[in-house]
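The values are calculated or read from the model by the stated rules, or taken from the named source; none is laboratory data. Nothing here was measured: the structure is a model prediction, and the numbers come from that model. Here the Cβ is made from the backbone with ideal geometry for all residues, glycine too, and neighbour counts use every protein chain on show. Side chains included, ligands, DNA and RNA excluded: accessible areas come from the protein's heavy atoms. Shrake-Rupley method; radii C 1.70, N 1.55, O 1.52, S 1.80 Å.
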Amino acid sequence: MIVIKTKRLLLEPLGIKHLQTVHKYVSDYENTKYMTYFPNKTLEETIVFLRRIENEWMRDTPSFYEFAIIYKNQQIGAVGIYQSNDLSGELSWIINKKYWGQGIAYEAAKALLEYSITEFDIKHFIAYCDVENIASYKIMEKLGMFRTCTYRGRKNKNSSKERMGYQYELYI
């Protein structure tokens with residue numbers, strides 16, 4: 001299994017062993033208000049989510065990699081790369097709100113981006129966020145990504161309203 005280390009973080013395969021810590025932040029409205037797939041209302045939803053990730057890790061060639069972000073020996077978030085067939089990858093991340101504003105999401109995303117360039121030969125990165133998710137698009141910009149699109153039709157799981165979203169890209 002892949003493990004990525006940074007100055008402060010350990011990125012390890014996300015799985016069912018992280019159930020309690022993952023459920024804490026994926027079931028929190030404030031933590032997930034801009035997300036399309038969260039919040040989870042039940043522990044069972046989080047179990048299904050983590051089992052799907054574990055099953056993907058077991059494949060010979062996974063189409064995505066979700067990593068647990070370990071900080072000070074605690075799992076506090078996740079970062080992922082979803083690959084497509086054209087040497088592209090979609091970056092995503094989520095951090096427990098208790099750790100917001102400490103540069104952890106950026107550090108994890110940067111480490112995964114660099115790993116994906118060298119190990120997966122990804123040449124094009126893409127990321128999406130709600131237009132109101134300032135922290136997320138600031139991370140994208142710090143990663144060197146550029147806003148390439150503002151689009152209608154984003155559906156956040158927390159909202160019945162259609163939202164606006166940003167698309168960011170980086171070509172290597």
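See the values below:
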| read-out | value |
| --- | --- |
| Student exercise, the chain dipole from Lys, Arg, Asp, Glu Cβ charges, in Debye to nearest 20 | 620 |
| Hydrodynamic radius by Kirkwood, which averages 1/r over all alpha carbon pairs of region 39-87, in angstrom | 12.4 |
| Computed log₁₀ I(q)/I(0) - Debye formula, equal Cα scatterers, no solvent, region 104-172, q 0.17, 0.21, 0.24, 0.28 Å⁻¹ | -0.65, -0.88, -1.03, -1.20 |
| Rounded D (µm²/s) - region 94-139, Kirkwood Rh over Cα pairs, Stokes-Einstein at 25 °C, 0.890 mPa s | 206 |
| Segment ASP60-THR6, length gained on full extension (0.36 nm per residue, minus Cα span) | 16.9 nm |
| Compactness of region 1-133 as Cα Rg over 2.2 N^0.38 Å, two decimals | 1.00 |
| Carbon and sulfur %, accessible surface of the chain computed with the full protein complex present, 1.4 Å | 52 |
| More than 23 Å apart - percent of Cα-Cα pairs taken over region 68-149 | 20 |
| Cross-link table LYS97/LYS155; LYS7/LYS41; LYS98/LYS161; LYS5/LYS97; LYS97/LYS123; LYS41/LYS123, entries beyond 29 Å C-alpha to C-alpha | LYS7/LYS41; LYS97/LYS123; LYS41/LYS123 |
| Residue-span extension gain [ALA135 to TYR29] - 0.36 nm each, minus C-alpha spacing | 36.5 nm |
| DSSP-defined beta bridges in region 69-172 - what % are antiparallel, rounded to 5 | 90 |
| Accessible surface, per residue, of the chain when the full set of protein chains is kept, probe 1.4 Å, Å² | 54 |
| Pairwise centroid distance, computed over Cα atoms, of region 68-126 with region 1-61, Å | 12 |
| 12 Å cut-off, amide nitrogen to a point 7 angstrom out along ARG51 Cα→Cβ, residues in region 3-35 | 16 |
| Estimated translational D of region 132-172 in µm²/s (Stokes, Kirkwood radius over Cα pairs; 10 °C; 1.306 mPa s) | 142 |
| For region 1-64, average projected area of the Cα convex hull in nm² | 5.2 |
| Over the chain: helical MRE at 222 nm, DSSP H runs n ≥ 4 each giving -39500 (n - 2.57), nearest 500 | -9500 deg cm²/dmol |
| Positive-pole candidate from GLY144, LEU14, ASN40, dipole of the chain, charges at beta carbon | ASN40 |
| Gain in span if fully extended, ASP121 to SER159, counting 0.36 nm per residue against the direct Cα distance | 10.0 nm |
